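Below is one structure, written out as structure tokens; the observations come after it.
The values are calculated or read from the model by the stated rules, or taken from the named source; none is laboratory data. Everything numeric here is computed off the predicted structure, so don't read it as measured data. When we count neighbours, we look across all protein chains shown, and the Cβ atoms used for this are built from the backbone with ideal geometry, even at glycine.
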């Protein structure tokens, strides 16, 4: 068995989904592992990860809009607003979504579906540099 690890930096411009499938695929290919599991982990509490459709950008826009409506800013009951009105809503959105994902690897490639992509889901309004850890474990088929 073999394993490898790297950290990606995903730069965001505010709330929305940012695809990093290509970077993850290049990491898997460079690892030389043909069959195994890729774990993806985001090192933040106000951003998350998701696997979503990457063919129609309306999917990303609609998801962002849904979460804005689900967890609106400026709610009187929110106490954690030290970093602005998007602070606590971002943490709630992060709690409702995933901080890690696992993707099977076969024949040296991510076994995602035809229209699936890996996304960082930025929940804060301003730009950030987010760290995403990639860890692959596996062997040769």
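Odds and ends about this structure:
- Check on residue 92, over 19 Å from residue 11 (Cα atoms), surrounded by 16 or more Cβ atoms within 10 Å (Cβ to Cβ) and within 16 Å of the chain's Cα centre (by Cα): yes
- Looking only at region 48-66, and only at residues there that are touching a strand residue (DSSP E or B) at 6+ places or on another chain (Cβ under 6 Å) and not in a helix (DSSP H, G or I), the one that is farthest from residue 91 (Cα to Cα): 54
- Pairs linking a residue in region 102-122 that is at positive phi and touching a residue at least 24 places away in the same chain (Cβ under 8 Å) to a residue that is surrounded by 12 or more Cβ atoms within 10 Å (Cβ to Cβ) and part of a strand (DSSP E or B), with Cβ atoms under 9 Å and 6 or more positions apart or on different chains, are 107/35; 108/35.
- Options 83, 65: the member that is at pLDDT below 95 and exposed (fewer than 14 other Cβ atoms within 10 Å of the Cβ): 83
- Checking each residue in region 110-127 for being surrounded by fewer than 21 Cβ atoms within 10 Å (Cβ to Cβ) and within 22 Å of residue 92 (Cα to Cα) picks out 125, 126, 127.
- Summed over region 118-141, the residues that are in a strand (DSSP E or B), touching a helix residue (DSSP H, G or I) at 6+ places or on another chain (Cβ under 6 Å) and either modelled with pLDDT under 95 or under 15 Å from residue 42 (Cβ atoms) (or both) give a count of 2.
- When residues of region 24-60 are limited to those that are under 17 Å from the mean Cα position of the chain (by Cα) and free of Cβ contacts under 8 Å to residues at least 40 places away in the same chain, the one farthest from residue 122 (Cα to Cα): 26
- Any hit, region 84-96, residues being within 17 Å of residue 68 (Cα to Cα) and touching a helix residue (DSSP H, G or I) at 6+ places or on another chain (Cβ under 7 Å): yes
- Taken over region 97-117, the criterion of being outside any loop (DSSP other than H, G, I, E, B) and out of contact with any strand residue (DSSP E or B) (no Cβ under 8 Å at 6 or more places or on another chain) is satisfied by 109 alone.
- Taking region 39-51 as the range and being surrounded by 15 or more Cβ atoms within 10 Å (Cβ to Cβ) and in contact with a helix residue (DSSP H, G or I) (Cβ under 6 Å, 6 or more places away or on another chain) as the test, the residues that pass are 46, 48.
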